[in-house]
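The values are calculated or read from the model by the stated rules, or taken from the named source; none is laboratory data. Note that the coordinates shown come from a computational prediction; the quantities given were computed from them, not determined experimentally. So basically every Cβ, Gly included, is an ideal-geometry build from the backbone, and we count neighbours across all protein chains shown.
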Amino acid sequence: MTETGVITGAGPARIGIGGPVGSGKTALIENLIPVLEERGLEIAVVTNDLVTKEDAERLQRTGLISPDRVIAVETGACPHTAIREDPTMNIQAAERLADLFPHTSVILIESGGDNLASTFSLDLVDYWLFVIDAADGDDIPRKRGPGIVRSDLLVINKTDLAPHVGADLGRMVQEGDEVRGGKPIVLTNCATGDGIEQVVDHLCHDVLFGY
């Protein structure tokens, strides 16, 4: 793995997906799975929840992925700890999936819902996305939370809700560009699939070479 977190060696790429509660992380994964598979990639998923396996069980019921390819991690504490300070449980879960399914190309690691300070350890992931909800306010990007500033890709989700709450998507993108120093931003609507191909394009360009 390079200093930027882009994978250079063997083994599945580990892609983190973080963001606040309700931002649409699980819905994003549900949209990413079929598009990644269409490009010839085999997927596995690790989910994080505080004391439940709700997100894992939701994915297992979708029929989009074999239930055996989804592992739940119950953090039992602040979600920051399991993806940043001590990602041991997640590393072990990812290694278990790689051993069980040796042809896996990508392991998606979903953080438990958290605030704008959530970040991933690069000991755990090669690349990470941060998902925010457009309906939570167009001032989110300029608040400069670590998740906003440091993520490899910022996803502004639920764009269809922006007009209903008076959120200015153009402003969000402009201010996001300013605080992120030009690192990519994608607008998505997981209800319709808008923007999903663009997210996958970034993943393939930056970390999943050749797909």
Qualifying residue in the range 199-208 (condition: under 12 Å from Leu28 (Cα atoms), within 14 Å of the chain's Cα centre (by Cα) and either crowded, with 20+ Cβ neighbours inside 10 Å or free of Cβ contacts under 8 Å to residues at least 24 places away in the same chain (or both)): yes
Top-ranked residue in the range 1-28 [being more than 15 Å from Leu203 (Cβ to Cβ) and among the aliphatic types (A, V, I, L, M); ranked as modelled with the lowest pLDDT]: Met1
Check on Val186, assigned to a strand (DSSP E or B), within 28 Å of Cys78 (Cα to Cα) and out of contact with any Asp or Glu (no Cβ under 8 Å at 6 or more places or on another chain): yes
Within the range 142-174, tally of residues that are over 20 Å from the mean Cα position of the chain (by Cα), outside any helix (DSSP H, G or I) and surrounded by 18 or more Cβ atoms within 10 Å (Cβ to Cβ): 1
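In the list Gly63, Gly40, which residue meets the criterion of being free of Cβ contacts under 8 Å to residues at least 12 places away in the same chain, surrounded by fewer than 24 Cβ atoms within 10 Å (Cβ to Cβ) and of a type outside the set (D, E, K, R)?
Numbers: Gly40 fails: free of Cβ contacts under 8 Å to residues at least 12 places away in the same chain.
Gly63 is the lone residue from the list that is free of Cβ contacts under 8 Å to residues at least 12 places away in the same chain, surrounded by fewer than 24 Cβ atoms within 10 Å (Cβ to Cβ) and of a type outside the set (D, E, K, R).
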Selected residue (only one of Asp114, Asp152 is among the acidic types (Asp, Glu) and at pLDDT below 95): Asp114
First in the range 95-113 and within 30 Å of Asp133 (Cα to Cα), second anywhere and aromatic (Phe, Trp, Tyr) and surrounded by fewer than 18 Cβ atoms within 10 Å (Cβ to Cβ), Cβ under 8 Å, 6 or more apart: Ser105/Tyr211
Candidates Asp177, Asp139 - the one that is acidic (Asp, Glu), out of contact with any Lys or Arg (no Cβ under 7 Å at 6 or more places or on another chain) and in a helix (DSSP H, G or I): Asp177
